[in-house]
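Accompanying notes for the structure given below.
What follows is calculated from the coordinates using simple rules that are stated; it is not laboratory data. What you see is a predicted model, and the numbers here were worked out from it, not measured in a lab. For neighbour counting, all protein chains shown are included, and Cβ atoms are generated from backbone atoms with ideal geometry for every residue, glycine included.
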Amino acid sequence: MKRTLFLSACCAAAVAAAAPANAAQYRFVITGSQTIKFVLDASPTPPVVDPGNYFVLAGVTGTINNVSTTFDLGFGSPSYFFNFGLINNVIGTGFVSTGTSLFTGPESAPTFKLGTFSLTPNTPDPDYTLTITAVPEPASWAMLLAGFGALGMMVRRRRDVTVRVRFSG
């Protein structure tokens, strides 16, 4: 009984102390004639900003068709002529696309949107699909594993109750 009460109190304290998880990083996966992957902060501070038009993130590390590389990325505002641009000088890959804006807020302090977006390049290449997902925080994984461990301990320590019937006669 004491053990159950103690575990209940620990669970209540964990729930009370838990803060909502905010993913600090987002994973970008572009699929089409090539597969491009990279990870960015959810709300980056861009070094190059043209207010009302676009911002640029230079030297982003990622992969193109599973080959590690770096590239420069541009993100356009809703009123600008492009919504996404990618340039890789190492292997000569690059495109500019039109579509919905991929971020909210001003260009100097953007916050990326989550979801799946269609990218229409300005070249004869077929359309690309961009998927932006949150990268789980290590603390989230640790809490999940701790919960499974606690459940395992409770199951293992559970004592079997044996009922004994005694007949007098």
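Calculate the length of the line joining the C-alpha centroid of the stretch 34-55 to that of the stretch 89-145, in whole Å. Cα centroid of the stretch 34-55 versus Cα centroid of the stretch 89-145: 9 Å apart.
Distance between the pseudo-spin-label points of residue 79 and residue 101 (7 Å out from Cα toward the beta carbon): 0.9 nm.
What does the C-alpha gyration tensor say about the overall shape of the stretch 34-137? Classify as rounded when a/c is under 1.5, otherwise prolate if a/b is larger than b/c, or oblate. Please report the intermediate quantities before stating the final value.
Numbers: a/c = 1.37, a/b = 1.18, b/c = 1.15.
Taking the square roots of the gyration eigenvalues as a ≥ b ≥ c, the stretch 34-137 is rounded.
Under a Cβ-Cβ cut-off of 14 Å, what is the net charge of the residues other than residue 119 that fall near it, where Lys and Arg count +1 and Asp and Glu count -1?
On the way: positive: 113; negative: 125, 127.
Neighbourhood net charge equals -1.
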